[in-house]
Amino acid sequence: MSALRQERQLAVHHDPGPCPVIATERLTLRPHRISDVDAIAQSLGDFRVSRMLAPVPAPFDRQDAVEWLSSVTSGLLPNWAFAVTTGDDVHIGVVSFEWRAGQWHLGYWLNRFFWGRGYMSEAVHGAVARFLMRMPGVEIHSGVFTDNRASLKVQEKIGFRVTGLSEVYSVARNAMVPHVETRLLAGDFHPAPLRR
């Protein structure tokens with residue numbers, strides 16, 4: 001049995017269903033489309049973004065974006081991968097929930113030109129709230145590189161707690177990087193809308 005099939009079978013009782021559309025105060029989170037490829041390539045082609053994401057190579061090009069989009073739009077796994085878009089449907093980032101090794105993992109990134117405006121906090125809050133509606137009582141795991149304090153702040157605002165420290169290989173940096181492990185228990189989630 002293939003690893004993909006085994007992972008799918010493990011997840012069958014942990015499936016949140018299809019990725020929904022979520023409207024927040026300033027953003028729309030929606031399923032990805034193939035037409036998002038150029039925006040993803042541009043955003044992750046910026047080393048200041050890719051260096052904070054463990055599996056993303058540098059340089060990151062259009063073909064990398066095509067391959068990633070093919071996997072997230074295939075429907076083979078129960079994962080959610082939201083395109084974070086502005087009111088005019090401009091793709092500015094991603095929030096995802098990925099089923100790995102029997103646990104749900106939250107990941108996210110934002111185009112550098114949209115940093116510092118509270119967009120990531122807004123997007124992550126909206127996505128986590130909807131995910132927990134679909135999957136009540138589930139734990140969500142995540143983490144950040146230790147030099148990404150802004151990302152840790154996003155998680156802390158909604159109730160994630162630090163559970164440990166480790167080292168994770170960063171493909172973009174081609175090095176092991178200190179990593180803060182985090183976890184959100186459903187009862188720790190802060191449901192109030194958050195603004196910076």
Of those in the stretch 111-123 that are surrounded by fewer than 24 Cβ atoms within 10 Å (Cβ to Cβ) and of a type in the set (A, V, I, L, M, F, W, C), the residue nearest to G159 (Cα to Cα) is W115
Of the residues in the stretch 186-196, those that are among the hydrophobic types (A, V, I, L, M, F, W, C) and either closer than 14 Å to R130 by Cα or modelled with pLDDT of 95 or more (or both) come to A186, F189, A192
If we keep only residues of the stretch 146-177 that are assigned to a loop (DSSP other than H, G, I, E, B) and touching a Pro at 6+ places or on another chain (Cβ under 7 Å), then the residue surrounded by the most Cβ atoms within 10 Å (Cβ to Cβ) is A172
Exception for M120 within (1) outside any helix (DSSP H, G or I); (2) under 16 Å from the mean Cα position of the chain (by Cα); (3) within 21 Å of Q42 (Cα to Cα) falls at (1)
Scanning the stretch 91-102 for residues that are within 17 Å of V144 (Cβ to Cβ) and not hydrophobic (A, V, I, L, M, F, W, C), the one modelled with the lowest pLDDT turns out to be R100
The correct count of residues that are without any contact (Cβ under 8 Å) to a residue 60 or more places away in the chain and within 22 Å of A54 (Cβ to Cβ) in the stretch 158-176 is 12
Practice prompt. Look at V180 and say whether it is in contact (Cβ under 8 Å) with a residue 12 or more places away in the chain, in a strand (DSSP E or B) and over 15 Å from the mean Cα position of the chain (by Cα).
Written response: yes
Hey, any hits in the stretch 154-171 for a residue that's farther than 20 Å from F189 by Cβ and among the acidic types (D, E)?
yes
Residue pairs qualifying under the 6 Å Cβ cut-off, at least six apart or on distinct chains, with the first in the stretch 16-38 being under 24 Å from R62 (Cβ atoms) and the second being modelled with pLDDT of 95 or more and surrounded by fewer than 18 Cβ atoms within 10 Å (Cβ to Cβ), are C19/P31; R30/V21; V37/V66
Residue set G126, G143, G93; condition buried (at least 21 other Cβ atoms within 10 Å of the Cβ), in contact (Cβ under 8 Å) with a residue 12 or more places away in the chain and either of a type in the set (A, V, I, L, M) or outside any strand (DSSP E or B) (or both); output residue G126
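The values are calculated or read from the model by the stated rules, or taken from the named source; none is laboratory data. Note that this is a predicted model, so its numbers are computed, not measured. Heads up, the Cβs are rebuilt from the backbone with ideal geometry, glycines too, and the neighbour counts pull from every protein chain shown.
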